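None of the figures in this text is laboratory data; all of them are computed from the coordinates on show. As the structure is a prediction and not an experimental result, all values here were calculated from the model. Every residue, glycine among them, receives a Cβ derived from its backbone with ideal geometry; neighbour counts consider all protein chains shown.
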Amino acid sequence: MKLAVLGCYGGIGGARRTTALLLDDDVLIDAGSGVGDLNLEQMARVDHVFLTHSHLDHCGFIPLLADAVAFLRKRPLLVHALPQTIAALKENLLNGKLWPDYSVLPTAEDPYIRFVPVILGETAQLGRRRITPLPARHAVPAVGYRLDSGAASFVYSGDTTDCELFWAALNGIDNLRYLMIETTFLNANSGGAARSGHMTAALLAQGLARLQHPVTLLITHMEPGREDATMAEVVAACGKYRPIRLEQGQQFDF
């Protein structure tokens, strides 16, 4: 499996793109503004999108993606998400007001988008690739994902604050190689992190203390303009893991 980072920021500004990961050439994990840097042919090859949650920086480019390449596709785009996430998208985005409801258009029998509900812990198998939703704690219903090639697993936390069940799930992964995890706020904004369901460096260290495996630690979703300061706090709190600042354009093979 090959994973390309299209976007990994907690917001926009300049070259910053919000979260989108391209798995091989046919699967997206989240669909933030990073999707917009794909060309039309690359977009048309995407058959599956796995969403962590309903916030726009992670799902907002789904309608634009479906619209841009509808004429190049002969089958619906399959969007995998929690039932609560699907309901939020249909009510608030694909509602005929902000955007047409492509889950029933151009026809209910042959729509541009088909939603596929995910269940926590239930694996979707795409060929030899296995994608499993993991527990997360955020301001809205959310999951992380385990991407398992058989040889190794790449785990992406999605948006989450500290979540004991998430760390317990990681301890059950015997081929864990990469952990991509958000650290949105500086430690000084622990109140904001608590209210919004996000991580600080201190909370990340608290979670990592439960981890029983070595891992390559990738830090994502930092506040725009505060990346350097946030990363310094992560290094201070979690230095034994040699944390790596995730960058757009990076690729991981596993």
Would you list Ile131, Ile219 from fewest to most Cβ contacts within 10 Å?
Ile131, Ile219
Could you work out how far the C-alpha centroid of region 20-45 sits from that of region 104-173, in angstrom?
17 Å
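Taking neighbour counts of Cβ atoms within 10 Å as a proxy for exposure, in what order, fewest first, do Leu56, Leu82 appear? Could the numbers behind the result be given before it?
Numbers: Leu56 13, Leu82 21.
Sorted ascending by nearby Cβ count, the order is Leu56, Leu82.
Ranking Ser157, Ser33 by Cβ neighbours within 10 Å, fewest first, what do you get? Walk me through the intermediate numbers first.
On the way: Ser157 28, Ser33 22.
Least crowded to most crowded, the residues run Ser33, Ser157.
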Computed over the Cα atoms of the chain, what is the convex hull's projected area averaged over all directions, in nm²?
12.8 nm²
Which value, in Å³ per residue, describes the convex hull spanned by the Cα atoms of region 50-157?
114 Å³
Are there trypsin sites (Lys or Arg not before Pro) in region 206-254 that DSSP puts in a loop and that have at most 14 other Cβ atoms within 10 Å, and which ones?
Arg210
Listed residues Ala136, Leu186, Ser54: farthest to the positive end of the dipole of the chain (Cβ charges)
Ala136
Give me the orientation-averaged projected area of the Cα convex hull of region 12-112, in nm², one decimal.
6.3 nm²
